[in-house]
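Structure first, then comments.
The values are calculated or read from the model by the stated rules, or taken from the named source; none is laboratory data. From a predicted model like this one, the values you see are computed outputs, not experimental measurements. Counting neighbours? That spans all protein chains shown, and the Cβs are built from the backbone with ideal geometry, glycine included.
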Amino acid sequence: MTTASPTHTDPLRGPTPPAPGPRRRSALRPLVLRLHFYAGLCVAPFLLVAAATGFLYAASFPAEKLLYAHELTVPEPGERKLPVSEQVAAAREAHPRGTVSAVRPSPEDDATTRVMLSGVEGVDPDHTLAVFVDPYTAEVRGALEQYGSTGALPLRTWVDEFHRDLHLGEPGRLYSEFAASWLWVIAGGGLVLWFSRRRARRRVRGTEGRRRTLGLHGTVGAWAAAGFVFLSATGLTWSTYAGANIEELRVRLGQTTPSVSASAAGGGEHAGHGAAAGTGGDAAHGVGLDRVLAAARAEGLGDPVEIVPPADASSAYVVKQIQRSWPEKQDAVAVDPGTGRVTDVVRFADYPVLAKLSRWGIDLHTGVLFGLPNQIALMALARLPGVPRPVGIPHVVAAGPGTGLRPPGPARGVAAGAPAAPRPAAGGGHRPRLLRAAARHPAGRVRRGRRGAGRDRPPAGAAGRRGEQDGEDVSRRVRRWARCRAHRRTRLTGA
């Protein structure tokens, strides 16, 4: 059986409400503060490295277009593009080594065609050699090493690997996973601390010193918290350990990304056509690239597309859309190399929900979903220190220790879990607001000291009497306020 707290009566202010019980909010804040503080100190160096390399990666997209403009564009668009098979033949004549692993026909009037070759000597086994061909004249305009499904060229490939593993291989990937795993925890704790603060203490204007640093740290962190959590969640989807767990969860939920079946239909009747035309990985398989591309166009696959030749005599061509910008185009078809007929179709609209979210999240994280605005937003989140009015991860990380290197709790002389000490009574410590008002009153200034000693002489006349009366009223209000406050402190603390 529980009993209500007794109600005390103050002769000056009337009945007072019962004492409030222990507040969970006040008990939770020290825990969140410690977690936010210590986790921030441990993860800060890794976050700074990830932010700096991420800034460079977002900036590598426009830099790549400028640096490799000769290979990526044609000098002057013509009236009609040559068949894809002729463009591939020109690329093979210039670079006979290796096998054709994929072909990306020119997606725009001023863009070149890419012919990707695998197994070329001197090229990383995980990379391909991209040969750029003018679609109007079949002129080979250059060849560059390429990596990934986004077609990253040497500059972006180097920055991408630097951001992913610091060029240290698989062990280097742990740093980015460690930073991403804790980033959402730090951001969430910061939001809890920020919104639990009194509104008046969130202001930055008109403050200085540690309070201004704390205000800037909290304000920038609160506004950028959504971006931090998003980068953390999407970055973990293709990390080493968390990414494997996420993939396993998607498999159990039936939310994996679907793919077309690359098995050629027709069995033995058409199985020998590819072998007669060429070996596995040869672009001249079966009916050829032009008929395969025409069949994919008939199924509604518009530019940009990638054509993957059959891996062996029993496999089919795979034509898939590779547009990662909004609206995404990820449809794919399989084409029988013997008949040129479509044997399987996968539409992006039919993807499971988690597969779509994963695709959009990764493309937004890498800066390709919305193009240049997407990349600018990522650079703002990862803005480097030293830039005028810095924002984003570096500023929040750099300002965090500036809010005070003293950890909360025991380091401040307060035992963990102990209740906070009561504020000093009137006349000690910080001066109450009413005392400050009394001190500023022109006719009510009363000096501290012995009773009756050192009192200011009031001016003569009626105005002087009114000023003396006003001063006595203010002093009486101050004394009554001090008594009431001392009474409440005594009742709450039980002293």
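Of everything in segment 81-106 that is outside any helix (DSSP H, G or I) and basic (Lys, Arg), the residue that is surrounded by the fewest Cβ atoms within 10 Å (Cβ to Cβ) is Arg97.
Just so you know, in segment 57-80 the residues that are small (Gly, Ala, Ser) and part of a helix (DSSP H, G or I) include one that is nearest to Val103 (Cα to Cα), and it is Ala69. Among the residues making up segment 107-149, those that are among the hydroxyl-bearing types (Ser, Thr, Tyr) and under 27 Å from Arg80 (Cα atoms) are Thr112, Thr113, Tyr136, Thr137. If the condition is being charged (D, E, K, R) and out of contact with any helix residue (DSSP H, G or I) (no Cβ under 9 Å at 6 or more places or on another chain), then segment 341-359 contributes Asp344, Arg347, Asp350. Taking the numbered list (1) over 27 Å from Lys320 (Cβ atoms); (2) in a loop (DSSP other than H, G, I, E, B) in turn, Trp182 passes all entries but (2).
Residue-by-condition table, conditions (1) hydrophobic (A, V, I, L, M, F, W, C); (2) at negative phi; (3) outside any loop (DSSP other than H, G, I, E, B); (4) at pLDDT 95 or above:
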| residue | (1), (2), (3), (4) |
| --- | --- |
| His273 | no, yes, yes, no |
| Gly286 | no, no, no, no |
| Asp290 | no, yes, yes, yes |
| Ile307 | yes, yes, yes, yes |
| Gly338 | no, yes, no, no |
| Asp363 | no, yes, yes, yes |
| Ala377 | yes, yes, yes, no |
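Of note, Arg114 satisfies the criterion of being basic (Lys, Arg), in a strand (DSSP E or B) and within 25 Å of Pro310 (Cα to Cα). Restricted to segment 481-495, and to residues there that are surrounded by 15 or more Cβ atoms within 10 Å (Cβ to Cβ) and touching a helix residue (DSSP H, G or I) at 6+ places or on another chain (Cβ under 9 Å), the residue that is modelled with the lowest pLDDT is Trp481. In segment 62-80, how many are surrounded by 12 or more Cβ atoms within 10 Å (Cβ to Cβ) and aliphatic (A, V, I, L, M)? Looking only at that region, the number is 4.
Among the criteria (1) closer than 20 Å to Ala59 by Cβ; (2) under 21 Å from the mean Cα position of the chain (by Cα), the one Val192 does not fulfil is (1).
Could you say whether any residue in segment 124-140 is in contact (Cβ under 8 Å) with a residue 40 or more places away in the chain, farther than 25 Å from Ala296 by Cα and surrounded by fewer than 16 Cβ atoms within 10 Å (Cβ to Cβ)? Yes; the residues of segment 124-140 include at least one that is in contact (Cβ under 8 Å) with a residue 40 or more places away in the chain, farther than 25 Å from Ala296 by Cα and surrounded by fewer than 16 Cβ atoms within 10 Å (Cβ to Cβ). Figure legend. Inter-residue proximity from segment 152-178: first residues of a type in the set (A, V, I, L, M, F, W, C), second residues loosely packed, with under 15 Cβ neighbours inside 10 Å, beta-carbon distance below 8 Å, spacing 6+ or different chains. Indicated pairs: Leu155/Ala63; Leu166/Gly172; Leu174/Thr240.
When the residues of segment 330-347 are narrowed to those that are crowded, with 18+ Cβ neighbours inside 10 Å and without any contact (Cβ under 8 Å) to a residue 60 or more places away in the chain, which ends up farthest from Thr150 (Cα to Cα)? Applying the filter and picking the extreme gives Val342.
Scan segment 250-257 and tell me whether some residue there is among the basic types (Lys, Arg), within 28 Å of Phe37 (Cα to Cα) and more than 13 Å from the chain's Cα centre (by Cα). Within segment 250-257, none of the residues are among the basic types (Lys, Arg), within 28 Å of Phe37 (Cα to Cα) and more than 13 Å from the chain's Cα centre (by Cα).
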